[in-house]
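Engineer: My questions will all concern the structure given below.
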Amino acid sequence: MSETGKIKEPTIGQWLAQDSRKASDAFARRTEFDMGTDDLPTERFTSREFHDLEMKHMWPRVWQMACHEMDIPEVGDYITYEIGSRSFVIVRVQEDEIKAYPNACLHRGMQLVDDQGHAAAFACRFHGWTWNLDGSLRRITERWDFPQTQGKKMCLPDVKVGRWGGFVFINPDPDAGSFEDFIGELPEHFRTAPLEDRRIALHVARIMPANWKVAMEAFLESYHVSPTHPQSVTVSEYAETQYDIYGDNVSRLATVSVAPATASTKALSPQEFADYASRGTGREPIQLAEGETYREALAQQRRDMVAKVQGKPIDHLSDVEMLDAIEYYLFPNFLPWHGFGLPIVYRFRPNGDRHDSSIMEVYLLAPRDLSQPAPKASPLEWLPDDRPFAEHAGLDRLGPIFDQDYENIVGVWKGLHSTYSPGLVLGHYQEARIRHYHKRIDDFINA
Ligand code: FES
Ligand SMILES: [Fe+2]
């Protein structure tokens with residue numbers, strides 16, 4: 001038992017030290033931080049006023065993921081992105097140029113496009129004003145009646161665009177700082193396992209009956225694993241998870257999730273553990289060679305599988321990167337997982353302008369044939385509110401896990417309206433990422 005206040009030593013560093021490969025310095029770097037122990041006021045989640053502050057000060061000024069590049073693979077493909085009551089259109093203007101505009105006509109403000117589609121130009125349905133894909137004006141219907149537009153370009157206003165990992169980000173603020181500064185060292189962490197090399201194999205969304213932060217915070221720590229996901233405890237060193245904070249906008253958790261983690265699994269021989277860990281996964285148990293561990297064998301099996309699909313080897317990636325649960329976070333709502341342990345990305349945001357309802361999205365990223373152009377992303381599927389995640393076959397073993405997390409989200413949202421407690425009591429270390437991003441929200445609100 002650790003003494004209070006002393007961090008329980010994370011195990012990821014020990015596994016990296018004995019790994020069959022060396023991870024990059026950026027990936028291996030452990031950070032030290034102290035985010036304090038203050039309680040987090042409950043009204044940050046429950047109050048309409050706090051939501052309004054976020055909508056006024058944060059969402060209009062922050063870099064946020066708007067879509068995946070392969071949602072719009074062809075020139076002329078567009079997709080809308082909605083945050084609060086605002087809508088933006090993201091469009092591929094040239095093979096390697098993506099632009100974004102407010103989704104509004106410059107005449108009387110009609111929304112220009114819905115959902116997603118393909119167009120040669122944006123023609124407003126109300127009176128037919130039309131813009132080229134690059135935002136330049138093509139036509140004002142009966143322009144003789146608009147003398148005030150003479151000599152004016154009347155372009156659609158550019159919204160700032162940033163790109164990373166195959167994802168497209170926008171910042172609604174024309175004066176925003178650069179996207180590269182905002183994401184900091186995140187690209188360096190993913191340099192050896194680029195998300196650009198994947199395809200979007202599944203993209204699902206579901207309405208969550210809670211504030212967006214409550215939904216997201218169900219996924220920001222491994223502290224909940226034992227009570228919430230008891231099926232995981234025998235193979236997950238969840239209690240020795242490492243948490244890192246990299247600058248203002250990036251954090252990470254790293255849980256060794258393929259390892260004998262209890263007395264009963266530690267007592268197993270390597271082959272017995274291999275058989276045990278394969279149960280219920282639908283995979284054939286691996287027959288270990290003399291002296292081989294299950295981690296080594298499973299990591300190599302995954303390297304071989306990915307290399308076969310990609311047509312390019314990934315011999316450089318460590319066992320940790322092939323196996324474990326390494327979840328990054330980019331403020332305010334984008335969570336890309338690293339490597340091949342859990343190849344997923346989450347995004348959380350308010351459902352429209354509601355403080356009591358949010359949208360959770362899950363992308364599953366699969367390896368792709370790198371000799372071919374990236375394929376179009378799997379289209380977004382909305383999961384029904386009244387159906388468990390487990391009913392979606394594509395989510396496989398993640399479905400039942402998300403259902404367990406979902407119950408927490410529903411329960412927290414109810415409990416936050418019943419509690420007599422003015423604040424949430426967060427762990428100093430294991431829940432520091434939650435404090436960290438709340439401080440960033442305050443930075444925006446107080447700027
Ligand atoms: S509102 Fe768009 S053309 Fe009139
Ligand atoms: Fe969970």
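Engineer: Could you sort 185-197, 325-337, 276-288 so that the peptide with the highest average Cβ count within 10 Å comes first and the rest follow in order? If you can, show how the numbers build up before the last one.
Structural biologist: Numbers: 185-197: 16.8, 325-337: 23.1, 276-288: 13.0.
Output ranking for 185-197, 325-337, 276-288: 325-337, 185-197, 276-288.
Engineer: Can I ask one more? Would you compute, from DSSP H runs of 4+ residues alone, the mean residue ellipticity of the chain at 222 nm, taking -39500 (n - 2.57) per run and dividing by the full residue count, rounded to the nearest 500? Please report the intermediate quantities before stating the final value.
Structural biologist: On the way: 14 runs with 109 residues, N = 447.
The helix contribution divided over the chain gives -6500 deg cm²/dmol.
Engineer: Counting only other residues whose beta carbon sits under 10 Å from that of Ser257, what net charge do I get with K and R as +1, D and E as -1?
Structural biologist: Working: positive: none; negative: Glu237, Asp324.
Summing Lys and Arg as +1 and Asp and Glu as -1 gives -2.
Engineer: Which order do peptides 118-130, 57-69, 230-242 fall in by mean Cβ count within 10 Å, highest first?
Structural biologist: Values: 118-130: 15.5, 57-69: 21.0, 230-242: 19.1.
Final packing ranking: 57-69, 230-242, 118-130.
Engineer: Excluding ligands, DNA and RNA, what is the solvent-accessible area per residue of the range 357-447 at a probe of 1.4 Å, expressed in Å²?
Structural biologist: On the way: 4600 Å² over 91 residues.
In whole numbers, the range 357-447 has 51 Å² accessible per residue.
Engineer: Restricting the calculation to Cα positions, tell me the Rg (one decimal) and the Dmax (whole number) of the range 64-175 in Å.
Structural biologist: 14.0, 47
Engineer: Could you work out how much longer the chain between Ala17 and Asp114 gets when fully extended? Use 0.36 nm per residue separation minus the Cα distance between them, nm to one decimal. Don't skip to the end; give the middle numbers.
Structural biologist: On the way: separation 97, 0.36 × 97 = 34.92 nm, distance 5.12 nm.
The span from Ala17 to Asp114 would gain 29.8 nm if fully extended.
Engineer: As a test of the definition: which semi-axes, in Å, follow for the range 252-410 when you take the square root of five times each eigenvalue of its alpha carbon gyration tensor? Largest first, please. Mind showing how you got there, number by number?
Structural biologist: Values: eigenvalues 191, 91, 44 Å².
Its equivalent ellipsoid spans semi-axes of 31, 21, 15 Å.
Engineer: Given charges of +1 on the Cβ of Lys and Arg and -1 on the Cβ of Asp and Glu, with all other atoms neutral, how large is the dipole of the range 330-403 about its Cα centre, in debye to the nearest 20?
Structural biologist: Dipole of the range 330-403, to the nearest 20 debye: 320 debye.
Engineer: Obtain the nm distance between the two label points defined at Ala205 and Ser87 by a simple spin-label model: each point lies 7 Å from its Cα along the Cα-to-C-beta direction.
Structural biologist: Label-label distance for Ala205 and Ser87, simple model: 1.2 nm.
Engineer: Rounded to a whole number, what % of the accessible area of the chain do carbon and sulfur atoms account for, probe 1.4 Å? Kindly include the intermediate steps, with their values, before the conclusion.
Structural biologist: Values: 10400 of 20230 Å².
That share works out to 51 percent.
Engineer: Same structure again: At a Förster radius of 45 Å, what calculated FRET efficiency corresponds to the Cβ-Cβ distance of Asp34 and Asp173, to the nearest 0.05?
Structural biologist: Numbers: r = 31 Å, r/R0 = 0.68.
It comes out at approximately 0.90.
Engineer: For the chain, what is the charge dipole size about the Cα centre, in debye to the nearest 20, if Lys and Arg each add +1 at the Cβ and Asp and Glu each add -1 at the Cβ?
Structural biologist: The calculation lands at about 1000 debye.
Engineer: Still on this model: Sort 95-103, 431-439 for me by packing, meaning the mean count of neighbouring Cβ atoms within 10 Å per residue, highest on top.
Structural biologist: On the way: 95-103: 17.6, 431-439: 20.1.
Peptide ranking by packing, descending: 431-439, 95-103.
Engineer: Counting Lys and Arg as +1 and Asp and Glu as -1, what is the net charge of the other residues whose Cβ lies under 11 Å from the Cβ of Ala218? Don't skip to the end; give the middle numbers.
Structural biologist: Numbers: positive: Lys213; negative: Glu217, Glu221, Asp405, Glu407.
Residues close to Ala218 contribute a combined charge of -3.
Engineer: Placing unit charges on C-beta atoms (Lys and Arg positive, Asp and Glu negative, everything else neutral), compute the dipole magnitude of the range 64-175 about its Cα centre in debye, rounded to 20.
Structural biologist: Details: 12 positive and 16 negative charges, 110 e Å.
Roughly 520 debye for the range 64-175.
Engineer: Could you report the range 136-201's accessible area per residue, 1.4 Å probe, as an integer in Å²? Present the calculation step by step, with values, prior to reporting the outcome.
Structural biologist: Working: 3490 Å² over 66 residues.
Result: 53 Å² of accessible area for each residue.
Engineer: If you average the sequence gap of Cα pairs under 8 Å that are 6 or more apart and divide by the length of the chain, what percent do you get for the contact order? Intermediate values should be presented prior to the final figure.
Structural biologist: Working: 829 pairs, mean separation 103.0, N = 447.
About 23 percent, as a whole number.
Engineer: Please work through the chain and write down the cysteines that have no neighbouring cysteine Cβ at a distance under 4.7 Å.
Structural biologist: Cys67, Cys155
Engineer: Related question: For the range 112-250, what ratio Rg/Rh do Cα atoms give with a Kirkwood hydrodynamic radius? Please list the in-between numbers first.
Structural biologist: Values: Rg = 23.0 Å, Rh = 20.5 Å.
When Rh is taken as the Kirkwood radius, the ratio is 1.12.
Engineer: On to the next question. Near Leu268, within a Cβ-to-Cβ distance under 14 Å, what is the net charge of the other residues, with Lys and Arg +1 and Asp and Glu -1?
Structural biologist: Values: positive: Lys266, Arg279, Arg295; negative: Glu272, Asp275.
Combined, the nearby Lys, Arg, Asp and Glu give +1.
Engineer: Another question, then. Compute the separation of the alpha-carbon centres of the range 327-354 and the range 99-166 and state it in Å as a whole number.
Structural biologist: Value for the Cα centre distance between the two parts: 31 Å.
Engineer: Now for a separate question. Given the alpha-carbon gyration tensor of the chain, what are the semi-axes of its equivalent ellipsoid in whole angstrom, ordered largest first, with each equal to the square root of 5 times an eigenvalue?
Structural biologist: Whole-Å semi-axes of the equivalent ellipsoid: 41, 27, 19.
The values are calculated or read from the model by the stated rules, or taken from the named source; none is laboratory data. Since we're looking at a predicted model, the values are computed, not measured. Note that each Cβ is placed from the backbone with ideal geometry, even for glycine, and that neighbours are counted across all protein chains shown. Just so you know, the surface numbers come from the protein's heavy atoms only, side chains and all, with ligands and any DNA or RNA stripped out. Shrake-Rupley method; radii C 1.70, N 1.55, O 1.52, S 1.80 Å.
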